[in-house]
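The values are calculated or read from the model by the stated rules, or taken from the named source; none is laboratory data. Here the structure is a predicted model, which means the values were calculated and not measured. Here the Cβ positions follow ideal geometry from the backbone for every residue, glycine too, while neighbour counts run over all protein chains shown. Ligands, DNA and RNA are stripped out before the accessible areas are found, and what is left, the full protein with its side chains, is counted by its heavy atoms. Shrake-Rupley method; radii C 1.70, N 1.55, O 1.52, S 1.80 Å.
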Amino acid sequence: MKVAFLDRDGTIIEDYSDEVWTSVTAPVFIPEAINVLHTLTLKGYDIIIVTNQYLIEEAYITQAQYEQITEKMLQKLEEKGICVLDIFYCPHRRDAGCSCLKPRKGLIMQAVDKYPQINLNTSVMIGDSDADMLLAQSLNMKGFGIGIGKEYKEGDITQVSSIKEVMMFIP
Ligand SMILES: [Mg+2]
Ligand SMILES: [Zn+2]
């Protein structure tokens, strides 16, 4: 089973500064993200979202707020005919030293534990931050970095300027 692992904030929905997140209650989709998710599905990828949500334990947002935003996002995606297989998130403080804060591997390991049929060699990671690409790199997974503007000498990292552009490179 091949999976498209996607970051959430800044990749599928708009991202904000930590302080602004405090008053966010609904997701704003990034243009083209829904089309891209649809195309990934047609190409045979299962969709899994992996997201750092230190906002929760650092008290920028509540757990309930996280769940509300997630629920609204999934609802909208479902309306558009997109099935998200699962979401794994790290709620921990950045200084907690947990094993799941990207670029650490915990979230992907949780996914692989739950779905042992996942083949990381044919899976891809799509995200808008260095942490997402370092994670892809450390797992030898193909990575697509949106608007990162940094060269990666190792691994298989492709730079794109928008999520739409990812589709030109997806096998
Ligand atoms: Mg992001
Ligand atoms: Zn964590």
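Need pairs with beta-carbon distance below 6 Å; first residue within 16 Å of ligand 1 (Cβ to nearest atom) and within region 96-107, second among the small types (Gly, Ala, Ser); sequence gap 6+ or separate chains.
100/106; 102/131; 103/131
Against the condition within 16 Å of ligand 2 (Cβ to nearest atom) and surrounded by fewer than 14 Cβ atoms within 10 Å (Cβ to Cβ), how does residue 8 come out, does it pass?
Working: within 16 Å of ligand 2 (Cβ to nearest atom): yes; surrounded by fewer than 14 Cβ atoms within 10 Å (Cβ to Cβ): no.
Taking the combined requirement at face value, the residue does not satisfy it.
Here's the yes/no breakdown for (1) over 27 Å from residue 30 (Cα atoms); (2) at pLDDT below 95; (3) within 16 Å of ligand 2 (Cβ to nearest atom); (4) open to solvent by 60 Å² or more (accessible area, probe 1.4 Å):
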| position | (1), (2), (3), (4) |
| --- | --- |
| 82 | no, no, no, no |
| 103 | no, no, yes, no |
| 113 | yes, no, yes, yes |
| 122 | no, no, no, yes |
| 132 | no, no, yes, no |
| 137 | no, no, no, no |
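Being on the phi < 0 side of the Ramachandran plot, within 16 Å of ligand 2 (Cβ to nearest atom) and buried (at least 20 other Cβ atoms within 10 Å of the Cβ) is the requirement here; does residue 49 meet it?
On the way: on the phi < 0 side of the Ramachandran plot: yes; within 16 Å of ligand 2 (Cβ to nearest atom): yes; buried (at least 20 other Cβ atoms within 10 Å of the Cβ): yes.
It is true that residue 49 is on the phi < 0 side of the Ramachandran plot, within 16 Å of ligand 2 (Cβ to nearest atom) and buried (at least 20 other Cβ atoms within 10 Å of the Cβ).
Would you confirm whether or not region 57-79 contains a residue that is of a type in the set (Lys, Arg), open to solvent by 60 Å² or more (accessible area, probe 1.4 Å) and over 18 Å from the mean Cα position of the chain (by Cα)?
Taking region 57-79 and keeping what is of a type in the set (Lys, Arg), we get 72, 76.
Then drop every residue that is not open to solvent by 60 Å² or more (accessible area, probe 1.4 Å), which leaves 72, 76.
Subset that is over 18 Å from the mean Cα position of the chain (by Cα): none.
No, region 57-79 has no match at all.
Within region 24-36, identify whether any single residue is of a type outside the set (Asp, Glu) and under 18 Å from residue 110 (Cβ atoms), and answer yes or no. Step through it out loud before you land on a result.
Step one: filter region 24-36 for residues of a type outside the set (Asp, Glu), giving 24-31, 33-36.
From what is left, the residues that are under 18 Å from residue 110 (Cβ atoms) are none.
The answer is no, given that none of the residues of region 24-36 is of a type outside the set (Asp, Glu) and under 18 Å from residue 110 (Cβ atoms).
What about residue 127, is it more than 16 Å from ligand 1 (Cβ to nearest atom) and either open to solvent by less than 80 Å² (accessible area, probe 1.4 Å) or of a type in the set (S, T, N, Q) (or both)?
Working: more than 16 Å from ligand 1 (Cβ to nearest atom): no; either open to solvent by less than 80 Å² (accessible area, probe 1.4 Å) or of a type in the set (S, T, N, Q) (or both): yes.
The answer is no for residue 127.
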